[in-house]
1. May I ask you to list the residues in segment 146-182 that are in contact with a Ser or Thr (Cβ under 8 Å, 6 or more places away or on another chain), hydrophobic (A, V, I, L, M, F, W, C) and in contact (Cβ under 8 Å) with a residue 24 or more places away in the chain?
2. Scan segment 107-154 for residues that are touching a Leu at 6+ places or on another chain (Cβ under 6 Å) and at pLDDT below 95 and report the count.
3. With the condition being surrounded by 14 or more Cβ atoms within 10 Å (Cβ to Cβ) and polar (S, T, N, Q), I'd like the helices (runs of 4 or more DSSP H) fully within segment 83-168 carrying at least 1 qualifying residues.
4. I'd like the full set of residues that are within 13 Å of Val50 (Cβ to Cβ) and surrounded by 19 or more Cβ atoms within 10 Å (Cβ to Cβ), limited to segment 169-182.
5. Just checking, does segment 183-192 include any residue being in contact (Cβ under 8 Å) with a residue 24 or more places away in the chain, surrounded by 13 or more Cβ atoms within 10 Å (Cβ to Cβ) and farther than 21 Å from Val114 by Cα?
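The values are calculated or read from the model by the stated rules, or taken from the named source; none is laboratory data. None of these values were measured; they are calculated from a predicted model. In this analysis, Cβ positions are derived from the backbone assuming ideal geometry, glycine residues included, and neighbour counts consider all displayed protein chains.
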Amino acid sequence: MKEFFNDFKYVNRDMPKSTKIIYGGLAGLLLVFLMGRLKENPRILIMIGVLMMSVILHELAHGVVAYLNGDSTAKLMGRLTLNPVKHIDPLGMLLPIGLILMGSSFVIGWAKPVPVNYRNLKKGEFSVFMVSIAGVVVNFALAFLGATIIKFFPEVYIANDIVGAATGYLIRINLVLGVFNLLPIPPLDGSKILWSLGGDGIKDMVENLDRYGFFIIIALSYLGILWKIIDPIFGFLVNVLNMYIQ
């Protein structure tokens, strides 16, 4: 555990001191809150673990596909690893934990984006498309894995509370992450997918939106529009998986 925190401090060594203090205070408050909630609902820990695994694998997929397409940036920076310390973003970890503790129906989190030098990619726009969609494909694959566990090992899913909770959340959070990241709003993967498929006009539009993307996402979330966009697609995918399970 000591080595974990030392590595985490090293990875985030360039973070401003004031930011570290804010994140440290938030982490302390969440830890106190988490201890109390864990006594009431131990499954919260499973939810947090599944969420962090999912976002880390999402980012790792981008790096692996970029490497296979000619860009070794992520590999040279030590990001092609399952070591969570290399991928954890403090805010991307604290926000979803807070949402889970508050019982929010919409939970989202993220890991540090894997660095990609698009100039190194072998096949231009096609490689950009492959790299951009890789994380979403992994999220949907994890959801499918959860459905497969239910389909072929129903007795384990039903009899074991831990497996049941982890599997159910694995499906739910990865469907949400997959659909959310497909939205064509910078910096989400959907914007890069749209850029790779569109003409010059689409490319210019995506590039011009880049500076406003985060604020657009916040506004859509605040107004309740974001979930209204995600929910119908999420429901459709749940029905598809239910048909597969049955």
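1. Listed by number, the residues that qualify are Ile150, Leu170, Ile173, Leu177.
2. Of the residues in segment 107-154, 2 are touching a Leu at 6+ places or on another chain (Cβ under 6 Å) and at pLDDT below 95.
3. Result: 124-152.
4. Tyr169, Leu170, Ile171, Ile173, Asn174, Leu175, Val176, Leu177
5. The answer is no; no qualifying residue exists.
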